[in-house]
1. Could you go through the range B:84-96 in sequence order and give the Karplus-derived ³J(HN,Hα) for each residue, using 6.51 cos²θ - 1.76 cosθ + 1.60 with θ = phi - 60°, rounded to whole Hz, and x for Gly and Pro?
2. Chains A and B: what accessible area do they bury, summed, in square angstrom to the nearest 100, with a 1.4 Å probe?
3. Threshold 40 Å², probe 1.4 Å: give the residues of the range A:25-48, in number order, that are less accessible with all protein chains present than with their chain alone.
4. Output wanted: per-residue J couplings in Hz (rounded whole) for the range B:32-45, from phi through Karplus 6.51 cos²θ - 1.76 cosθ + 1.60, θ = phi - 60°, x for Gly and Pro.
5. Using only alpha carbon pairs under 8 Å that are at least six residues apart, calculate the relative contact order of chain B and give it in whole percent.
6. In the Gaussian network model of chain B, springs joining C-alpha atoms below 10 Å, which of B:A75, B:A22, B:A222 carries the largest mean-square fluctuation?
7. How many percent of DSSP beta bridges within the protein assembly as shown run antiparallel, rounded to 5?
8. Accessible area of A:F105, 1.4 Å probe, to the nearest 10 Å²?
Amino acid sequence: MSFDFLPDKPIYQQLIDRITGDLIRGILQPGEKLPSVREYAVEAGVNANTMQRVYKELEGMGITETKRGQGTFVTENAERLGQLREEKKAQLIDDFIRDIEALGFTEEEIAESMRRRER
Amino acid sequence: MIEIKRVTRSFGRRRALDGVTATFGRGKIIGLAGKNGSGKSTLLKIMAGVMGADSGEVLLNGLPITRTLAGSQIAYMADADLYYPYFTTDELLRFQESQYPDFSMEKALEAAEFLNVDRKTKLKNLSKGNRGRAKIVATLGREADAYLLDEPFSGLDPMVREMIVKGLIRFTDPERQTVIMSTHELHDVAPLLDEIAVLKNGRIAAHDQVEDIRMAQPGGLAAYMRTLYEKGSEPFGKPS
(Lines give C-alpha, C1' and ligand atoms only; values in the text may rest on other atoms or scores of the structure.)
Protein backbone atom coordinates (compact mmCIF):
# COMPACT_ATOMS: atom_id res chain seq x y z
CA MET A 1 0.00 0.00 0.00
CA SER A 2 1.14 3.52 -0.77
CA PHE A 3 0.94 6.01 2.06
CA ASP A 4 -1.80 8.61 2.33
CA PHE A 5 -0.68 12.21 2.43
CA LEU A 6 -2.31 15.47 3.46
CA PRO A 7 -2.69 17.75 0.44
CA ASP A 8 -1.26 20.93 1.90
CA LYS A 9 1.87 19.90 3.73
CA PRO A 10 5.11 18.97 1.98
CA ILE A 11 5.45 15.22 1.51
CA TYR A 12 9.02 15.09 2.77
CA GLN A 13 7.81 16.67 6.02
CA GLN A 14 4.99 14.15 6.36
CA LEU A 15 7.43 11.30 5.79
CA ILE A 16 9.82 12.66 8.43
CA ASP A 17 6.89 12.90 10.88
CA ARG A 18 5.92 9.35 10.06
CA ILE A 19 9.40 7.92 10.55
CA THR A 20 10.06 9.83 13.76
CA GLY A 21 6.58 8.75 14.94
CA ASP A 22 7.46 5.11 14.26
CA LEU A 23 10.61 5.62 16.33
CA ILE A 24 8.71 7.04 19.29
CA ARG A 25 6.12 4.27 19.10
CA GLY A 26 8.93 1.72 19.03
CA ILE A 27 7.95 0.30 15.64
CA LEU A 28 11.39 1.39 14.53
CA GLN A 29 14.22 0.51 16.92
CA PRO A 30 17.55 2.22 17.65
CA GLY A 31 20.23 0.77 15.40
CA GLU A 32 17.70 -0.65 12.96
CA LYS A 33 18.54 -0.50 9.26
CA LEU A 34 16.23 1.57 7.05
CA PRO A 35 15.33 0.37 3.55
CA SER A 36 17.30 1.93 0.69
CA VAL A 37 15.99 5.23 -0.63
CA ARG A 38 14.59 3.53 -3.73
CA GLU A 39 12.95 0.67 -1.81
CA TYR A 40 11.32 3.05 0.63
CA ALA A 41 10.21 5.37 -2.19
CA VAL A 42 8.51 2.45 -3.94
CA GLU A 43 6.83 1.33 -0.72
CA ALA A 44 5.53 4.83 0.05
CA GLY A 45 4.64 5.55 -3.59
CA VAL A 46 6.68 8.77 -3.61
CA ASN A 47 9.31 10.22 -5.85
CA ALA A 48 12.85 8.96 -5.10
CA ASN A 49 14.10 12.58 -5.04
CA THR A 50 11.65 13.30 -2.23
CA MET A 51 12.79 10.25 -0.30
CA GLN A 52 16.41 11.25 -0.80
CA ARG A 53 15.58 14.56 0.85
CA VAL A 54 13.88 12.79 3.77
CA TYR A 55 16.99 10.69 4.39
CA LYS A 56 19.22 13.74 4.18
CA GLU A 57 17.10 15.69 6.66
CA LEU A 58 16.89 12.77 9.09
CA GLU A 59 20.64 12.49 9.02
CA GLY A 60 20.96 16.25 9.53
CA MET A 61 18.65 15.92 12.54
CA GLY A 62 20.94 13.28 14.03
CA ILE A 63 18.19 10.66 13.88
CA THR A 64 19.92 8.39 11.38
CA GLU A 65 23.49 7.61 10.40
CA THR A 66 24.80 6.42 7.08
CA LYS A 67 27.45 3.75 7.19
CA ARG A 68 29.50 3.61 4.05
CA GLY A 69 28.55 0.72 1.85
CA GLN A 70 26.06 -0.60 4.39
CA GLY A 71 23.14 1.78 4.28
CA THR A 72 21.21 4.02 6.65
CA PHE A 73 20.60 3.10 10.28
CA VAL A 74 18.58 4.62 13.12
CA THR A 75 20.97 6.22 15.58
CA GLU A 76 21.73 4.38 18.83
CA ASN A 77 22.27 7.69 20.59
CA ALA A 78 19.75 7.36 23.43
CA GLU A 79 20.09 11.00 24.39
CA ARG A 80 19.11 12.16 20.88
CA LEU A 81 16.16 9.79 20.81
CA GLY A 82 14.99 10.98 24.23
CA GLN A 83 15.24 14.54 22.98
CA LEU A 84 13.20 13.63 19.89
CA ARG A 85 10.47 12.30 22.16
CA GLU A 86 10.43 15.61 24.08
CA GLU A 87 10.34 17.60 20.83
CA LYS A 88 7.33 15.63 19.62
CA LYS A 89 5.53 16.12 22.90
CA ALA A 90 6.16 19.87 22.84
CA GLN A 91 4.96 19.99 19.24
CA LEU A 92 1.72 18.15 20.06
CA ILE A 93 1.04 20.48 22.97
CA ASP A 94 1.74 23.57 20.85
CA ASP A 95 -0.63 22.33 18.14
CA PHE A 96 -3.30 21.57 20.70
CA ILE A 97 -3.01 24.96 22.37
CA ARG A 98 -3.19 26.72 19.02
CA ASP A 99 -6.39 24.82 18.18
CA ILE A 100 -8.14 25.55 21.47
CA GLU A 101 -7.11 29.20 21.38
CA ALA A 102 -8.45 29.49 17.85
CA LEU A 103 -11.82 28.34 19.16
CA GLY A 104 -11.68 30.67 22.16
CA PHE A 105 -11.37 28.11 24.97
CA THR A 106 -9.31 29.19 27.96
CA GLU A 107 -6.44 27.06 29.28
CA GLU A 108 -8.17 26.74 32.69
CA GLU A 109 -11.36 25.49 31.09
CA ILE A 110 -9.48 22.88 29.07
CA ALA A 111 -7.27 21.84 31.98
CA GLU A 112 -10.38 21.35 34.11
CA SER A 113 -12.03 19.22 31.42
CA MET A 114 -8.93 17.08 31.05
CA ARG A 115 -8.75 16.41 34.77
CA ARG A 116 -12.40 15.36 34.77
CA ARG A 117 -11.81 13.11 31.76
CA GLU A 118 -9.04 11.24 33.59
CA ARG A 119 -11.40 10.07 36.30
CA MET B 1 17.12 18.05 -19.89
CA ILE B 2 14.34 19.00 -22.27
CA GLU B 3 13.96 22.59 -23.45
CA ILE B 4 10.86 23.67 -25.28
CA LYS B 5 11.13 27.00 -27.04
CA ARG B 6 8.15 28.93 -28.40
CA VAL B 7 6.52 25.84 -29.87
CA THR B 8 3.33 26.37 -31.89
CA ARG B 9 1.13 23.87 -33.64
CA SER B 10 -2.25 24.27 -35.31
CA PHE B 11 -4.78 21.78 -36.59
CA GLY B 12 -6.69 23.51 -39.34
CA ARG B 13 -7.76 26.80 -37.86
CA ARG B 14 -7.49 25.62 -34.28
CA ARG B 15 -4.28 26.57 -32.52
CA ALA B 16 -3.43 23.69 -30.16
CA LEU B 17 -0.11 25.09 -28.97
CA ASP B 18 0.46 28.81 -28.98
CA GLY B 19 4.06 29.47 -28.02
CA VAL B 20 4.91 26.89 -25.38
CA THR B 21 8.17 27.53 -23.56
CA ALA B 22 9.39 25.33 -20.70
CA THR B 23 12.45 23.56 -19.35
CA PHE B 24 12.27 20.15 -17.71
CA GLY B 25 15.38 19.17 -15.78
CA ARG B 26 17.20 15.86 -15.83
CA GLY B 27 16.05 13.40 -13.18
CA LYS B 28 12.72 15.10 -12.57
CA ILE B 29 9.26 13.58 -12.71
CA ILE B 30 6.89 16.12 -14.19
CA GLY B 31 3.12 16.04 -14.44
CA LEU B 32 1.57 17.76 -17.42
CA ALA B 33 -1.93 18.86 -16.48
CA GLY B 34 -4.72 20.72 -18.23
CA LYS B 35 -8.24 20.19 -19.45
CA ASN B 36 -9.13 17.98 -22.38
CA GLY B 37 -8.03 19.69 -25.56
CA SER B 38 -5.48 21.89 -23.80
CA GLY B 39 -2.67 20.47 -25.95
CA LYS B 40 -1.06 17.95 -23.60
CA SER B 41 -0.96 15.11 -26.11
CA THR B 42 0.20 17.38 -28.91
CA LEU B 43 3.05 18.71 -26.78
CA LEU B 44 4.13 15.19 -25.79
CA LYS B 45 4.09 14.06 -29.41
CA ILE B 46 6.22 16.99 -30.47
CA MET B 47 8.66 16.35 -27.61
CA ALA B 48 8.78 12.70 -28.65
CA GLY B 49 9.59 13.59 -32.23
CA VAL B 50 6.54 11.82 -33.63
CA MET B 51 4.87 15.09 -34.69
CA GLY B 52 6.41 18.24 -36.07
CA ALA B 53 5.85 21.74 -34.71
CA ASP B 54 4.77 24.60 -36.97
CA SER B 55 7.42 26.77 -35.35
CA GLY B 56 9.72 26.75 -32.36
CA GLU B 57 12.01 23.96 -31.25
CA VAL B 58 12.53 21.23 -28.69
CA LEU B 59 16.01 20.33 -27.47
CA LEU B 60 17.09 17.20 -25.62
CA ASN B 61 20.36 17.78 -23.76
CA GLY B 62 21.02 20.71 -26.09
CA LEU B 63 20.31 18.91 -29.38
CA PRO B 64 17.21 19.42 -31.53
CA ILE B 65 14.90 16.43 -31.36
CA THR B 66 14.76 14.49 -34.60
CA ARG B 67 13.04 11.18 -35.24
CA THR B 68 16.33 9.31 -35.04
CA LEU B 69 17.44 10.98 -31.84
CA ALA B 70 14.00 10.42 -30.36
CA GLY B 71 14.07 6.75 -31.30
CA SER B 72 17.26 6.15 -29.39
CA GLN B 73 16.85 8.45 -26.40
CA ILE B 74 13.17 9.12 -25.81
CA ALA B 75 10.67 6.47 -24.79
CA TYR B 76 7.21 7.65 -25.74
CA MET B 77 4.03 5.91 -24.67
CA ALA B 78 0.95 6.94 -26.60
CA ASP B 79 -2.51 7.19 -25.12
CA ALA B 80 -3.96 4.70 -27.61
CA ASP B 81 -5.42 1.69 -25.87
CA LEU B 82 -4.54 -0.98 -28.39
CA TYR B 83 -0.91 -0.90 -29.42
CA TYR B 84 -0.49 -4.11 -31.34
CA PRO B 85 -3.65 -6.09 -30.58
CA TYR B 86 -2.44 -9.41 -31.98
CA PHE B 87 0.81 -9.43 -29.99
CA THR B 88 1.21 -11.09 -26.65
CA THR B 89 3.24 -9.07 -24.14
CA ASP B 90 6.23 -11.33 -24.85
CA GLU B 91 5.91 -10.57 -28.56
CA LEU B 92 5.49 -6.86 -27.83
CA LEU B 93 8.70 -6.91 -25.79
CA ARG B 94 10.61 -8.74 -28.54
CA PHE B 95 9.32 -6.20 -31.03
CA GLN B 96 10.50 -3.33 -28.81
CA GLU B 97 13.89 -5.06 -28.52
CA SER B 98 14.18 -5.19 -32.31
CA GLN B 99 13.31 -1.50 -32.67
CA TYR B 100 15.20 0.26 -29.89
CA PRO B 101 18.93 -0.11 -29.16
CA ASP B 102 18.39 1.01 -25.57
CA PHE B 103 15.82 -1.71 -24.85
CA SER B 104 16.84 -4.15 -22.12
CA MET B 105 14.90 -7.41 -22.11
CA GLU B 106 16.24 -8.09 -18.63
CA LYS B 107 14.80 -4.84 -17.29
CA ALA B 108 11.52 -5.37 -19.15
CA LEU B 109 11.08 -8.87 -17.73
CA GLU B 110 11.86 -7.62 -14.26
CA ALA B 111 9.25 -4.87 -14.69
CA ALA B 112 6.74 -7.41 -16.07
CA GLU B 113 7.30 -9.55 -12.98
CA PHE B 114 7.01 -6.52 -10.66
CA LEU B 115 3.76 -5.40 -12.30
CA ASN B 116 2.44 -8.93 -12.52
CA VAL B 117 1.86 -8.78 -16.27
CA ASP B 118 0.36 -11.71 -18.17
CA ARG B 119 2.91 -12.22 -20.93
CA LYS B 120 1.22 -15.07 -22.83
CA THR B 121 -2.18 -13.61 -23.74
CA LYS B 122 -2.80 -11.44 -26.80
CA LEU B 123 -3.13 -7.78 -25.87
CA LYS B 124 -6.61 -7.56 -27.38
CA ASN B 125 -7.81 -10.28 -25.03
CA LEU B 126 -6.39 -8.67 -21.91
CA SER B 127 -8.40 -6.47 -19.56
CA LYS B 128 -7.80 -2.73 -19.82
CA GLY B 129 -5.81 -2.81 -16.59
CA ASN B 130 -3.58 -5.59 -17.86
CA ARG B 131 -3.06 -3.83 -21.18
CA GLY B 132 -2.15 -0.61 -19.35
CA ARG B 133 0.49 -2.53 -17.43
CA ALA B 134 1.82 -4.31 -20.52
CA LYS B 135 2.21 -0.95 -22.26
CA ILE B 136 4.14 0.58 -19.38
CA VAL B 137 6.42 -2.47 -19.18
CA ALA B 138 7.20 -2.19 -22.90
CA THR B 139 8.07 1.48 -22.35
CA LEU B 140 10.07 1.07 -19.12
CA GLY B 141 12.07 -1.72 -20.77
CA ARG B 142 13.96 1.01 -22.56
CA GLU B 143 16.86 2.84 -20.89
CA ALA B 144 15.97 6.21 -22.36
CA ASP B 145 17.01 9.69 -21.23
CA ALA B 146 13.37 10.70 -21.15
CA TYR B 147 10.08 8.85 -20.75
CA LEU B 148 7.10 10.68 -22.18
CA LEU B 149 3.87 9.08 -21.08
CA ASP B 150 0.49 10.15 -22.40
CA GLU B 151 -2.19 9.47 -19.78
CA PRO B 152 -0.56 6.34 -18.32
CA PHE B 153 -3.32 6.05 -15.69
CA SER B 154 -6.40 6.88 -17.70
CA GLY B 155 -9.29 4.49 -17.24
CA LEU B 156 -7.39 2.26 -14.80
CA ASP B 157 -8.64 1.34 -11.37
CA PRO B 158 -6.85 2.68 -8.26
CA MET B 159 -4.95 -0.54 -7.60
CA VAL B 160 -3.52 -0.68 -11.08
CA ARG B 161 -2.70 3.04 -10.89
CA GLU B 162 -0.80 2.42 -7.68
CA MET B 163 1.13 -0.47 -9.24
CA ILE B 164 2.12 1.71 -12.18
CA VAL B 165 3.20 4.53 -9.86
CA LYS B 166 5.43 2.07 -8.02
CA GLY B 167 6.75 0.64 -11.27
CA LEU B 168 7.70 4.12 -12.41
CA ILE B 169 9.59 4.79 -9.18
CA ARG B 170 11.27 1.40 -9.26
CA PHE B 171 12.32 1.39 -12.92
CA THR B 172 13.40 4.95 -13.62
CA ASP B 173 16.63 6.48 -12.39
CA PRO B 174 16.25 9.92 -10.75
CA GLU B 175 19.94 10.57 -11.33
CA ARG B 176 19.66 10.68 -15.10
CA GLN B 177 16.18 9.99 -16.47
CA THR B 178 13.41 12.51 -16.87
CA VAL B 179 9.78 11.44 -16.80
CA ILE B 180 7.03 13.64 -18.19
CA MET B 181 3.45 12.43 -18.06
CA SER B 182 0.14 13.94 -18.88
CA THR B 183 -2.53 13.03 -16.41
CA HIS B 184 -5.99 13.71 -15.09
CA GLU B 185 -5.53 11.66 -11.93
CA LEU B 186 -3.51 14.33 -10.16
CA HIS B 187 -4.53 13.25 -6.72
CA ASP B 188 -3.18 9.70 -7.08
CA VAL B 189 -0.07 10.75 -8.83
CA ALA B 190 0.91 13.84 -6.86
CA PRO B 191 3.30 12.05 -4.47
CA LEU B 192 5.19 10.81 -7.51
CA LEU B 193 5.75 14.25 -9.04
CA ASP B 194 8.58 16.74 -8.56
CA GLU B 195 6.93 19.38 -10.68
CA ILE B 196 3.67 20.19 -12.34
CA ALA B 197 3.20 22.16 -15.55
CA VAL B 198 -0.29 23.29 -16.49
CA LEU B 199 -1.31 23.88 -20.08
CA LYS B 200 -4.07 26.35 -20.74
CA ASN B 201 -5.08 27.95 -24.03
CA GLY B 202 -2.07 26.42 -25.73
CA ARG B 203 0.47 27.84 -23.30
CA ILE B 204 2.13 26.88 -20.03
CA ALA B 205 -0.05 28.74 -17.53
CA ALA B 206 1.96 27.59 -14.50
CA HIS B 207 4.97 25.43 -13.77
CA ASP B 208 5.86 24.81 -10.11
CA GLN B 209 7.50 22.43 -7.66
CA VAL B 210 4.82 20.22 -6.14
CA GLU B 211 6.33 20.52 -2.64
CA ASP B 212 6.19 24.34 -2.95
CA ILE B 213 2.52 24.15 -3.87
CA ARG B 214 1.81 21.99 -0.83
CA MET B 215 3.55 24.52 1.35
CA ALA B 216 2.11 27.72 -0.11
CA GLN B 217 -1.34 26.79 -1.37
CA PRO B 218 -4.03 26.04 1.23
CA GLY B 219 -5.90 23.00 -0.04
CA GLY B 220 -2.90 21.80 -2.00
CA LEU B 221 -2.78 20.73 -5.60
CA ALA B 222 -6.55 20.50 -6.11
CA ALA B 223 -7.01 24.09 -4.97
CA TYR B 224 -4.05 25.16 -7.10
CA MET B 225 -5.66 23.72 -10.23
CA ARG B 226 -9.04 25.21 -9.37
CA THR B 227 -7.59 28.66 -8.81
CA LEU B 228 -5.69 28.44 -12.04
CA TYR B 229 -8.80 27.64 -14.00
CA GLU B 230 -11.33 29.81 -12.24
CA LYS B 231 -9.40 33.00 -11.85
CA GLY B 232 -7.06 32.44 -14.73
CA SER B 233 -4.17 34.08 -12.92
CA GLU B 234 -1.24 33.16 -10.72
CA PRO B 235 -2.54 30.49 -8.35
CA PHE B 236 -0.57 31.48 -5.27
CA GLY B 237 2.15 33.77 -4.01
CA LYS B 238 5.28 31.84 -4.82
CA PRO B 239 7.47 31.12 -1.80
CA SER B 240 10.52 33.33 -1.90
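1. 10, x, 8, 7, 7, 4, 4, 5, 4, 5, 5, 5, 4
2. Values: alone 8620 and 11430 Å², together 18310 Å².
Summed over both sides, the interface buries about 1700 Å².
3. For the range A:25-48, once contacts with the other chains are taken into account, A:R38, A:V42, A:G45, A:N47 lose 40 Å² or more.
4. Along the range B:32-45, the couplings run 9, 10, x, 5, 4, x, 7, x, 4, 5, 4, 5, 4, 5 Hz.
5. Values: 457 pairs, mean separation 59.6, N = 240.
Once divided by the residue count of chain B, the mean separation gives 25 percent.
6. Looking only at B:A75, B:A22, B:A222, the biggest GNM fluctuation is shown by B:A222.
7. On the way: 28 of 45 bridges.
About 60 percent, rounded to the nearest 5.
8. 90 Å²
The values are calculated or read from the model by the stated rules, or taken from the named source; none is laboratory data. Because the structure is a prediction, the values reported are computed rather than measured. No Cβ is skipped: glycine too gets one built from the backbone with ideal geometry, and neighbour counts run over all protein chains shown. The area values use the complete protein model at the heavy-atom level, side chains included, leaving out ligands, DNA and RNA. Shrake-Rupley method; radii C 1.70, N 1.55, O 1.52, S 1.80 Å.
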